[in-house]
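K.L.:
For reference, the structure I am asking about is given below.
The values are calculated or read from the model by the stated rules, or taken from the named source; none is laboratory data. These numbers come from a predicted model, not from an experiment. Ideal geometry is used to build each Cβ from the backbone, glycine not excepted, and the neighbour counts take in all protein chains shown.
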């Protein structure tokens, strides 16, 4: 009798325990029915964006009506769009339009450039396309940097552009490029465009310093422009032979995840890219690389 | 007539200022903005002495030179922006009238002495005329003094206003409008501000001694035009109703009406300003302006004795300039704009007008007026300081704006293949070499399609910790480096950079290819 009771209770108990994963999955499905990241390829920038947003739950998931949104592309270099040094202007325009459609009150576009700002904004075509799409395109003003506490391993405090800090939502739109110092420049490195001060000094002990500061200024959403990528002589580029037309877009609300996925475009492994590795180690990532739920779409 | 002259002065002044303002990136309006400087009557003469032929690009100056024997020094009275600036200064400073300036009459000869001295020096291949050219002086004053000071105050004021919460909206709009139309570039910062201020300031302050002090006693262009005006055919005629009250003598801008002979005008000095007829009292109205087909002659106040003095002074100057030693250390970093002629020719043709400096300020902002590093004639030549700026890879604008073609116009493709120098690592300072740590900001910014800075990855064992790390050590590839200096500019070291651009490997074209 006692054995039968035991077996019954045991089987019920096991069944109950067995339900747990099922229950958890249901819970996480309710909490996060969307993938961690979306990878779209095989279309023009606006098409890639549209497909990605659809798979990711729409921009309404991130941008609410009345939000002031900052779209932070890479406008760093005085190069035309086809040399893949700056973010694709058509993608920037499409993102601005999507923000407006989602109800954003104002969309601001800016970047602290490396070459002369007027040249970069103009020749990258980002100023023209973003303005046409309805964004307020501004140049960086030196008096608008606010020093914020970083309390990192190496960095104590750093000036960050106030417009970026004040924004309700931030969309980080890097272009995927080779980089001599950091191997690649993607979402994490693109955030340097809102950093003030002596940015050159960040390149000494780069992985530690970048992740220190990025920890405090992670964006709402990262959309990696891989329509064209720069495979060599980055980040400035200049040689059309280094540009590859990959027609890809990677979207995630976790910048580290987006960067990690983009490594595939360059044939790199995580252990080859120190700053992304360090970002995982310091807890900048929302999702672990082992349990990633990526939705891949081929148009 | 005086009204017509005043309008002409204002129009030409505004034209010069406008041409100056649009000398900036993107420079896509198709207007040859340096044409203002080609009005200088000195340019054809001195460039003829240099090259032995006439220069067609100086056609505005030829126009002035051809019309002057007929109309006199109309350029000085109707067109010259420096003259207009002096007239404007007169309204503020209130110079003494000609009853008190008799003591300066001896100085009239000085402008001829300066002109002749400059001509003699030019014949012996020393070209210093650019320092004293009135159009170059005006452009220099605009570029280095007036415009930067104006923008400093204007931009600061508008920015401050747009920070006030109540008027933020309209102030912001005003600021944006100002930045688009008036000052799209960044605030310019220059070297040599004090010396240029003293030079221009003294010319303006001299108005306190007499009206148009510069034009009467110093300007070599005025001397040349005056020399050509000795027989001019159109000018002041005094009628018999004149009671010799002396008011026109007192009020004349140039002191060109002798106190003891008010029926004649000193044609070498008169700038056709037509103020005399306006100041002639109503009850007399004895002055009019007419063509006189039997012109009288006004002599140039420059005697043989003075000529010999000038000759002696020129010889002394030539001698002193000629025996100075060459300081190779000083010329090591004398980087010139791309497309500059070889150094001797470059110095001879450059009139220190600051057009190239001005247009560069709206781009990489590396060109500066040079100080005296080696010889006196270093002064105010354009030189690149790569810690203040760098040469933008996609820019060739300095090659497009030189009025005397001391910098030859290069296409963008040509400019990108014309090294202005060569970068060298200063291994005592450069972080990878001095501290065996990573940096590479220089390599990051190198703009050439195949980077002129590459790196070697070598292991380094830190003696303090015993740990080994891989460090990237950068090096310059001479055949790819064009000396643009962005590496020097972006080097994160606080003071001296870990990399420097020297004149090695610079290419100076002799002529357009």
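K.L.:
Between a first residue in segment A:112-123 that is more than 8 Å from every other protein chain (Cβ to nearest Cβ) and a second residue that is crowded, with 21+ Cβ neighbours inside 10 Å and part of a helix (DSSP H, G or I), which pairs have beta carbons less than 6 Å apart while being 6 or more apart in sequence or on different chains?
P.N.:
A:112/A:193; A:113/A:120; A:121/A:127
K.L.:
With respect to residue B:447, determine if the residue is away from chain A (no Cβ under 13 Å), under 30 Å from residue B:345 (Cβ atoms) and either touching a strand residue (DSSP E or B) at 6+ places or on another chain (Cβ under 6 Å) or in a loop (DSSP other than H, G, I, E, B) (or both).
P.N.:
Here the answer is no, as residue B:447 does not meet what is asked.
K.L.:
Checking the conditions here, which among B:422, B:410 is in contact with a helix residue (DSSP H, G or I) (Cβ under 6 Å, 6 or more places away or on another chain), away from chain A (no Cβ under 14 Å) and surrounded by fewer than 24 Cβ atoms within 10 Å (Cβ to Cβ)?
P.N.:
One residue alone meets the criteria, B:410.
K.L.:
Only one of (1) in contact with a strand residue (DSSP E or B) (Cβ under 6 Å, 6 or more places away or on another chain); (2) not in a loop (DSSP other than H, G, I, E, B) is not met by residue B:248, so which one is it?
P.N.:
Every condition holds for residue B:248 apart from (1).
Residue by residue, here is whether (1) surrounded by 19 or more Cβ atoms within 10 Å (Cβ to Cβ); (2) without any contact (Cβ under 8 Å) to a residue 12 or more places away in the chain holds:
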{"site": "B:98", "(1), (2)": "yes, no"}
{"site": "B:106", "(1), (2)": "no, yes"}
{"site": "B:118", "(1), (2)": "yes, no"}
{"site": "B:124", "(1), (2)": "no, no"}
{"site": "B:130", "(1), (2)": "yes, no"}
{"site": "B:136", "(1), (2)": "yes, no"}
{"site": "B:142", "(1), (2)": "yes, no"}
{"site": "B:145", "(1), (2)": "no, no"}
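K.L.:
Still on this structure, please answer the following. I'd like the full set of residues that are over 13 Å from the mean Cα position of the chain (by Cα) and either under 27 Å from residue B:317 (Cβ atoms) or at pLDDT below 95 (or both), limited to segment B:366-387.
P.N.:
Those that are over 13 Å from the mean Cα position of the chain (by Cα) and either under 27 Å from residue B:317 (Cβ atoms) or at pLDDT below 95 (or both): B:371, B:372, B:373, B:374, B:375, B:376, B:377, B:378, B:383.
K.L.:
In segment B:503-513, what count of residues is obtained for those that are more than 26 Å from the chain's Cα centre (by Cα) and either within 11 Å of chain A (Cβ to nearest Cβ) or more than 22 Å from residue B:392 (Cα to Cα) (or both)?
P.N.:
1
K.L.:
Picking from B:213, B:182, B:199, which residue would you name as being surrounded by fewer than 17 Cβ atoms within 10 Å (Cβ to Cβ) and either within 22 Å of residue B:367 (Cβ to Cβ) or away from every other protein chain (no Cβ under 14 Å) (or both)?
P.N.:
B:182
K.L.:
I would also like to ask the following. Going by what's in this entry, would residue B:251 be described as more than 18 Å from residue B:227 (Cα to Cα) and touching a helix residue (DSSP H, G or I) at 6+ places or on another chain (Cβ under 6 Å)?
P.N.:
Taking the combined requirement at face value, the residue satisfies it.
K.L.:
Across segment B:428-441, what is the total count of residues that are in contact with a helix residue (DSSP H, G or I) (Cβ under 9 Å, 6 or more places away or on another chain) and more than 9 Å from every other protein chain (Cβ to nearest Cβ)?
P.N.:
The total comes to 2.
K.L.:
I want to confirm something. Restricting to segment B:365-396 and keeping residues that are within 14 Å of another protein chain (Cβ to nearest Cβ) and either under 30 Å from residue B:126 (Cβ atoms) or touching a strand residue (DSSP E or B) at 6+ places or on another chain (Cβ under 7 Å) (or both), which single residue is surrounded by the fewest Cβ atoms within 10 Å (Cβ to Cβ)?
P.N.:
Going through the qualifying residues, I end up with B:388.
K.L.:
Going by the structure shown, is residue B:413 in contact (Cβ under 8 Å) with a residue 12 or more places away in the chain and either within 19 Å of residue B:333 (Cα to Cα) or under 36 Å from the mean Cα position of the chain (by Cα) (or both)?
P.N.:
no
K.L.:
While we're looking at this one, here's another question. Report whether or not residue A:49 is more than 18 Å from residue A:186 (Cα to Cα), away from chain B (no Cβ under 14 Å) and in contact with a helix residue (DSSP H, G or I) (Cβ under 6 Å, 6 or more places away or on another chain).
P.N.:
Spelling it out, it is not the case that residue A:49 is more than 18 Å from residue A:186 (Cα to Cα), away from chain B (no Cβ under 14 Å) and in contact with a helix residue (DSSP H, G or I) (Cβ under 6 Å, 6 or more places away or on another chain).
K.L.:
While we're on this one: Considering only segment B:233-245, how many residues are touching a helix residue (DSSP H, G or I) at 6+ places or on another chain (Cβ under 6 Å), in a loop (DSSP other than H, G, I, E, B) and closer than 30 Å to residue B:206 by Cβ?
P.N.:
Residues flagged as touching a helix residue (DSSP H, G or I) at 6+ places or on another chain (Cβ under 6 Å), in a loop (DSSP other than H, G, I, E, B) and closer than 30 Å to residue B:206 by Cβ within segment B:233-245 amount to 0.
K.L.:
When you go through A:52, A:84 one by one, which is the residue that is on the phi > 0 side of the Ramachandran plot, at pLDDT 95 or above and surrounded by 20 or more Cβ atoms within 10 Å (Cβ to Cβ)?
P.N.:
When all the criteria are applied, what remains is A:84.
K.L.:
Ok, one more. From the list B:123, B:107, B:145, B:135, pick out the single residue that is closer than 17 Å to residue B:311 by Cα, away from chain A (no Cβ under 14 Å) and touching a helix residue (DSSP H, G or I) at 6+ places or on another chain (Cβ under 7 Å).
P.N.:
B:123
K.L.:
Is segment A:99-106 home to any residue that is in contact with a helix residue (DSSP H, G or I) (Cβ under 9 Å, 6 or more places away or on another chain), within 16 Å of residue A:224 (Cα to Cα), away from chain B (no Cβ under 12 Å) and not in a strand (DSSP E or B)?
P.N.:
No.
K.L.:
Part of a loop (DSSP other than H, G, I, E, B), surrounded by fewer than 20 Cβ atoms within 10 Å (Cβ to Cβ) and without any contact (Cβ under 8 Å) to a residue 24 or more places away in the chain: is that true of residue B:261 in this structure?
P.N.:
For residue B:261, the condition - part of a loop (DSSP other than H, G, I, E, B), surrounded by fewer than 20 Cβ atoms within 10 Å (Cβ to Cβ) and without any contact (Cβ under 8 Å) to a residue 24 or more places away in the chain - is met.
K.L.:
For residue B:92, only one of the following conditions fails: (1) surrounded by fewer than 17 Cβ atoms within 10 Å (Cβ to Cβ); (2) within 23 Å of the chain's Cα centre (by Cα). What is its number?
P.N.:
(2)
K.L.:
What's the number of the only condition in (1) surrounded by 14 or more Cβ atoms within 10 Å (Cβ to Cβ); (2) more than 12 Å from every other protein chain (Cβ to nearest Cβ); (3) touching a strand residue (DSSP E or B) at 6+ places or on another chain (Cβ under 9 Å) that residue B:478 fails to meet?
P.N.:
Every listed condition holds for residue B:478 apart from (1).
K.L.:
Looking at this structure, is residue A:208 over 30 Å from residue A:44 (Cα atoms), assigned by TED's automatic domain parsing to the domain that holds residue A:95 and modelled with pLDDT of 95 or more?
P.N.:
yes
K.L.:
Which ones in segment B:278-329 are in a helix (DSSP H, G or I) and within 17 Å of residue B:232 (Cβ to Cβ)?
P.N.:
Within segment B:278-329, none qualify.
K.L.:
Still on this structure, I have one more. With (1) outside any loop (DSSP other than H, G, I, E, B); (2) within 33 Å of the chain's Cα centre (by Cα); (3) within 14 Å of chain A (Cβ to nearest Cβ) as the list, and residue B:500 as the residue in question, which single condition is left unmet?
P.N.:
(3)
K.L.:
Applying the selection to segment B:463-472, what residues are within 13 Å of chain A (Cβ to nearest Cβ) and either surrounded by fewer than 19 Cβ atoms within 10 Å (Cβ to Cβ) or in a loop (DSSP other than H, G, I, E, B) (or both)?
P.N.:
Hits for segment B:463-472 are B:469, B:470, B:472.
K.L.:
Report yes if residue B:5 is under 23 Å from residue B:85 (Cβ atoms) and in a loop (DSSP other than H, G, I, E, B), otherwise no.
P.N.:
No; evaluated as a whole, the condition is false for this residue.
K.L.:
Report whether or not residue A:140 is touching a residue at least 12 places away in the same chain (Cβ under 8 Å) and away from chain B (no Cβ under 14 Å).
P.N.:
no
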